[in-house]
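Colleague: Below is a structure I'd like to ask you about.
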Amino acid sequence: MPELTHKITVDYFENINLQLKDFPEKSFFRMDLEELFGAFRTGINFPAMSVESPEGDGSKSIPENSIIGRFFAFTIWQNPQRGNFEAQNDMLDECERIGLKIIARMRLESKKPNSILYNKFKTSTVSWKQYGPVFNEQLYGYRFQGTFEGNEPLKVNPEDWEDLSIACP
């Protein structure tokens, strides 16, 4: 299976968005941090799902084995009417429920040998937090974050380097 690099991770979550019946068309995007300080992405339908670029960590590696952790985060957004606290509560509940459906799907995928999440995702790494109101539109939602973790060989390919001529461990 391929490593869960940036594009593979973003593509995975986009496919989740496309497959989950809770989401309308044009409800997915990768969020840039600068967007948090302005208006929400135009042309997005609600409920919406944004995903952040994954971050990485090699701290569990040892000299004989490279364990790479990749931190993912996605947020489920809704757009309640300003001042309508009952709608905010209902929509926040919907956001949390949708996020948990995604976590359940990821848990299922982690057990399938042909999945990119096979043995790389554990529900115990997931946490979530309520956000809102944010953006100029005063959106509300839940941000879910967790870890993908697995062995990656991190082998040097001498073809990538001018100064290496033999395979390296």
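Colleague: For residue 162, work out the one condition from (1) at pLDDT 95 or above; (2) surrounded by fewer than 15 Cβ atoms within 10 Å (Cβ to Cβ) it doesn't fulfil.
Modeller: Here residue 162 meets the rest and fails (1).
Colleague: Okay, moving on. Give 66, 53 a once-over and let me know the one that is open to solvent by less than 80 Å² (accessible area, probe 1.4 Å) and over 18 Å from the mean Cα position of the chain (by Cα).
Modeller: 66
Colleague: Restricting to the range 24-44, name every residue that is among the acidic types (Asp, Glu), within 18 Å of residue 131 (Cα to Cα) and in a loop (DSSP other than H, G, I, E, B).
Modeller: 32
Colleague: So, one more: Going residue by residue through the range 6-21, is there one that turns out to be acidic (Asp, Glu), modelled with pLDDT of 95 or more and either open to solvent by less than 30 Å² (accessible area, probe 1.4 Å) or part of a helix (DSSP H, G or I) (or both)? Step through it out loud before you land on a result.
Modeller: Quick first cut of the range 6-21, residues acidic (Asp, Glu) only: 11, 14.
Okay, now just the ones that are also modelled with pLDDT of 95 or more, so 11, 14.
Imposing the further condition that a residue be either open to solvent by less than 30 Å² (accessible area, probe 1.4 Å) or part of a helix (DSSP H, G or I) (or both) reduces the set to 11, 14.
Within the range 6-21, one or more residues are acidic (Asp, Glu), modelled with pLDDT of 95 or more and either open to solvent by less than 30 Å² (accessible area, probe 1.4 Å) or part of a helix (DSSP H, G or I) (or both).
Colleague: Can you find a residue that is modelled with pLDDT of 95 or more, polar (S, T, N, Q) and within 30 Å of residue 151 (Cβ to Cβ) anywhere in the range 49-61?
Modeller: Yes: the range 49-61 contains one or more residues that are modelled with pLDDT of 95 or more, polar (S, T, N, Q) and within 30 Å of residue 151 (Cβ to Cβ).
Colleague: Suppose we filter the range 27-49 for residues that are farther than 13 Å from residue 137 by Cβ, out of contact with any helix residue (DSSP H, G or I) (no Cβ under 7 Å at 6 or more places or on another chain) and surrounded by 15 or more Cβ atoms within 10 Å (Cβ to Cβ); how many remain?
Modeller: 2
Residues are listed down the side, and each one gets a yes or a no for (1) open to solvent by less than 50 Å² (accessible area, probe 1.4 Å); (2) of a type in the set (A, V, I, L, M); (3) more than 21 Å from residue 1 (Cα to Cα); (4) touching a residue at least 40 places away in the same chain (Cβ under 8 Å):
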{"site": "84", "(1), (2), (3), (4)": "no, no, yes, no"}
{"site": "88", "(1), (2), (3), (4)": "yes, no, yes, yes"}
{"site": "107", "(1), (2), (3), (4)": "no, no, no, no"}
{"site": "111", "(1), (2), (3), (4)": "no, no, no, no"}
{"site": "126", "(1), (2), (3), (4)": "yes, yes, yes, no"}
{"site": "131", "(1), (2), (3), (4)": "no, no, yes, yes"}
{"site": "137", "(1), (2), (3), (4)": "no, no, yes, yes"}
{"site": "145", "(1), (2), (3), (4)": "no, no, yes, yes"}
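Colleague: Consider only pairs whose beta carbons are under 8 Å apart and that are at least six residues apart or on different chains; among these, list those whose first residue lies in the range 50-72 and is farther than 19 Å from residue 13 by Cβ and whose second residue is assigned to a strand (DSSP E or B) and polar (S, T, N, Q).
Modeller: 65/151; 66/151; 67/151
The values are calculated or read from the model by the stated rules, or taken from the named source; none is laboratory data. Note that this is a predicted model, so its numbers are computed, not measured. Glycine also receives a Cβ, built like all others from the backbone with ideal geometry; neighbour counts cover every protein chain displayed. The area values use the complete protein model at the heavy-atom level, side chains included, leaving out ligands, DNA and RNA. Shrake-Rupley method; radii C 1.70, N 1.55, O 1.52, S 1.80 Å.
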